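Here is the structure we will look at, set down as structure tokens.
The values are calculated or read from the model by the stated rules, or taken from the named source; none is laboratory data. This is a predicted model, so every value here is computed, not measured. Don't worry about glycine lacking a Cβ; one is built from the backbone with ideal geometry, like all the others, and counts go over all protein chains shown. These accessible areas exclude ligands, DNA and RNA; they are computed on the full protein's heavy atoms, side chains included. Shrake-Rupley method; radii C 1.70, N 1.55, O 1.52, S 1.80 Å.
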Amino acid sequence: MAMNKKIIVGNWKMNGNGDMLNVMTETLKGVDLSRATVILCPPMPYIGAASKSPVDFGAQDCSGHEPGTSGAFTGEVSAAMIAETGTKYVLVGHSERRLHHGETNAIVAEKAKQALKVGLTPIICIGETVEERNAGQTNAIVEAGLRECVPGKGCIVAYEPRWAISAVSGGIPATPKDIQEAHEFIAGILESMGLAGTPILYGASVNGDNAAEILTLPHIDGALVGAKSLKPADFFPVIEAVSNL
Ligand code: PGA
């Protein structure tokens, strides 16, 4: 895995605008991307800029409704529509979708399946809440997330302990030991599912200062970055951390 490019995903959540995206994609043209696959996930109205970007784009969500490509589902965007813009990836099951929109593992699995059907790579997010962690349920939640959400080959998994996400009030960054234990566990479960080699990203409070340490841990193929992906001055140090590994 060490020889593969690391994957750095910037999840803008419901932030940014067209000007900010232009600045980001224009400045990315001057960044060394030889060691990293960079994927920007702006809000849905902006994914059309994928075709003009030097890096790949991802959507932050897609519809899981059957039949998939189109239908009477007001407000939903199908994976096929996303793929048509030149966007190659889609986040599914982000903790904020689970928290604010009631998405369950079953719903996330449907979304991942729709993405795979049209050739998008789903980035499937899993992770435990602080209550689940304190109750000793971390491994059970993570294992259920993998077994119930990952439909097969061709996916990326992102482990995001919810208690360590920067936007969570009182969020505390996980230690390298916490991260390493979780990633080893995830790699083992994926292997038992016949999915060894599925890239595993880490995503909670990653920034330019801690990225190098996190990205050198075993079973970490990249990072999913939220708050620190909005401005080039914050995001580029994470990408540059990969060049120095
Ligand atoms: P953060 O967000 O990097 O701001 O902690 C990560 C995420 O929620 O995807």
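In a shell of Cβ-Cβ distance under 13 Å around PRO43, excluding PRO43 itself, what net charge do Lys and Arg (+1) and Asp and Glu (-1) give?
Numbers: positive: LYS13; negative: ASP61, GLU96.
Here the count lands on -1.
Could you give the accessible area per residue of the chain, probe 1.4 Å, as a whole number in Å²?
On the way: 10960 Å² over 245 residues.
Computed with neighbouring chains in place, this is 45 Å² per residue.
Please list the non-local residues whose amide H lies under 5 Å from the amide H of ASP56, H modeled 1.01 Å from N, same-chain partners needing a gap of 5 or more.
Answer set, sorted by chain and number: VAL38, LEU40.
Give me the percent of the accessible area of the chain that comes from carbon and sulfur atoms, probe 1.4 Å, all protein chains in place.
Numbers: 5870 of 10960 Å².
It is 54 percent, rounded to a whole number.
Give the Rg (one decimal place) followed by the Dmax (whole number) of the stretch 178-245, computed from C-alpha coordinates and expressed in Å.
Spelled out, the Cα radius of gyration and Dmax of the stretch 178-245 are 12.8, 40 Å.
Just to be sure I understand the model, the point goes 7 Å from the Cα along the line to the Cβ. What's the resulting GLU181 to GLU148 distance in nm?
Result for the modelled spin labels: 2.3 nm.
Assign one of three labels to the chain, namely rounded, prolate or oblate, based on the Cα gyration tensor with a ≥ b ≥ c the square roots of its eigenvalues; rounded applies when a/c is under 1.5, prolate when it is not and a/b is larger than b/c, and oblate otherwise. Please list the in-between numbers first.
Details: a/c = 1.44, a/b = 1.04, b/c = 1.38.
Rounded, since a/c falls under 1.5.
Using a Gaussian network model of the chain whose springs link C-alpha atoms within less than 10 Å, name the residue from VAL90, VAL206, VAL55 with the highest mean-square fluctuation.
With Cα springs under 10 Å in the chain, the top fluctuation among VAL90, VAL206, VAL55 is at VAL55.
Return the whole-Å distance between the Cα centroid of the stretch 137-194 and the Cα centroid of the stretch 12-70.
So the two Cα centres are separated by 24 Å.
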